Amino acid sequence: MHSLRSRSPLLPAAALAVAVLVSGCGGQGTTASASPAAATTAATAPSPALTITDPWIKTGGKGMTAAFGTLVNNTDAELTVVSGTSPLSPKVELHEVVDSGGKMVMRPKKGGFVVPARGSHPLAPGGDHIMLMGVTGKVEPGAEVPFTLTLADGSTLRFTAIGKDFAGGKENYQPGEGKH
């Protein structure tokens with residue numbers, strides 16, 4: 001943690017004012033709480049079982065695109081993502097990229113994405129990803145696209161992926177793969 005020191009007598013007062021303003025703006029911190037009970041409740045509230053860091057979606061026109069990020073399991077048990085939805089596409093699948101006869105191909109991932117206990121699972125170009133087919137609109141840089149992932153236990157993770165230009169990810173899509 002960084003420490004800020006200054007010879008100016010105004011800086012400590014300004015820092016205190018900022019801390020009071022920030023804590024009063026509905027942030028999740030409990031530094032300046034109205035009551036000890038509220039601080040205890042906020043401090044002991046469980047974190048979501050599954051989160052995603054840095055979610056983004058490849059920009060492009062109608063057709064297909066994919067979303068990426070890192071799934072993070074905050075529990076002591078393995079979690080499995082079994083499906084996904086987005087208003088951008090009528091068909092969302094969980095995909096993997098595999099070598100098929102020397103050619104990298106995408107296919108639905110049997111069993112979904114397994115996120116180990118207290119671990120993470122990357123969703124990245126050239127690897128596991130969330131595939132959107134039949135995309136109904138263009139994804140521009142900076143666009144905010146909502147997603148819902150469903151876990152094997154029926155719980156969900158809702159997040160927003162940000163549109164990002166990316167030139168890679170030119171794998172082939174073969175719908176028949178993975179149906180064997």
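Can you confirm whether segment 83-92 contains a residue that is of a type in the set (D, E, K, R), assigned to a strand (DSSP E or B) and surrounded by 15 or more Cβ atoms within 10 Å (Cβ to Cβ)? There is no residue in segment 83-92 that is of a type in the set (D, E, K, R), assigned to a strand (DSSP E or B) and surrounded by 15 or more Cβ atoms within 10 Å (Cβ to Cβ).
Of note, residue 90 satisfies the criterion of being more than 15 Å from the chain's Cα centre (by Cα) and in contact (Cβ under 8 Å) with a residue 40 or more places away in the chain. Would you point out which residue out of 138, 164, 170 is at pLDDT below 70, out of contact with any helix residue (DSSP H, G or I) (no Cβ under 8 Å at 6 or more places or on another chain) and not polar (S, T, N, Q)? The match here is 170.
Might you let me know whether segment 29-48 holds any residue that is closer than 22 Å to residue 109 by Cβ and modelled with pLDDT of 55 or more? Show your work before the answer.
Going through segment 29-48, the residues closer than 22 Å to residue 109 by Cβ turn out to be none.
No, the conditions are met nowhere in segment 29-48.
The values are calculated or read from the model by the stated rules, or taken from the named source; none is laboratory data. For clarity, every value in this text was computed on a predicted model and none was experimentally measured. Reconstructed Cβ throughout: ideal geometry from the backbone, glycine too, with neighbour counts over all protein chains shown.
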